[in-house]
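Data first, discussion second: the structure below is written as structure tokens.
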Amino acid sequence: MKDSTAVPSHFSLDEWINNPLKDAEITEDIVEIDWMENSEDKSKSLKKIDEIYEDADEAYEIEWVNEELAEQRTLTLKQRRILGNLYYHWRSYKDSSGQGGEVYNHVPCRTKIQGRSPDVAYITPQLAKHFGELEVFPQSFPLVAEVASPADLAEELIAKSHEYLRSGSEEVWLILPENRWIIIITENQKLIFGSGDIVYTQRLLNGFSVEVDELLG
């Protein structure tokens, strides 16, 4: 899928993991292509995104990128299994813990840059009550997860995580099945969990944890 999220040409995943200053560099590049924030008619752009999703038969199969309709990549069986596992665990925990809220997969939202459909998303009961049932959520979801495909570049997923964080998300999970890594990114930290580790939430769904190997299968 064509993606407008900008990444420095000299980006290094290993360097990013060990150097938090790289976060600011990626964010600066995103600001440069933030057409929606700089648009003279932002309201018209937002309305167009809503109309696109309302008219689509399968809203979770598309994203609105750089003022163009872009189809989502086709998920592999492995991605679908992991996505289903995470959806099940988050949904079960929000019920059993009494924290409430809603868990979705492939649900459309608006970031400050474009329209996105994260693989898995959680919304708090407070926000669910405030916004009600909408065709398109008007900001990034508080807790978001993206499952990488073999064709996805890690640096592009990381740049997308900053896009989510700048638009309302508090915590983003990047799941890299081929590496058997789960990277959790918040405003002030990034954590990496691998095979044999127990991964846990940082800001939302407090107390949730699951074995990485159980989640990845």
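The values are calculated or read from the model by the stated rules, or taken from the named source; none is laboratory data. Quick caveat, the model's predicted, so the values are computed rather than measured. Because the Cβ atoms are built from the backbone with ideal geometry, glycine has one as well, and the counts that use them run over all protein chains shown. With ligands, DNA and RNA removed, areas are computed over all heavy atoms of the protein, side chains included. Shrake-Rupley method; radii C 1.70, N 1.55, O 1.52, S 1.80 Å.
Quick one: which strands (runs of 3 or more DSSP E) lie wholly within the stretch 54-117 and hold at least 1 residues that are modelled with pLDDT of 85 or more?
Where strands (runs of 3 or more DSSP E) fall fully within the stretch 54-117 and carry at least 1 residues being modelled with pLDDT of 85 or more, they are 102-105.
What number of residues in the stretch 164-217 are in a loop (DSSP other than H, G, I, E, B) and of a type in the set (Val, Ile, Thr)?
Residues that pass the stated criteria total 2.
Are any of the residues in the stretch 133-152 under 19 Å from Arg91 (Cα atoms) and at pLDDT below 90? Don't jump to the end; show me each part of the working.
Start the filter on the stretch 133-152 by keeping residues that are under 19 Å from Arg91 (Cα atoms), which leaves 133, 137, 140-147.
Filter again for at pLDDT below 90, leaving 133.
So far as the stretch 133-152 goes, yes, one or more of its residues are under 19 Å from Arg91 (Cα atoms) and at pLDDT below 90.
Can you pull out every residue in the stretch 107-147 that is within 19 Å of Ile184 (Cα to Cα) and open to solvent by 10 Å² or more (accessible area, probe 1.4 Å)?
Thr124
For residues that are farther than 18 Å from Tyr122 by Cβ and either β-branched (Val, Ile, Thr) or under 9 Å from the mean Cα position of the chain (by Cα) (or both), tally how many sit in the stretch 146-161.
2
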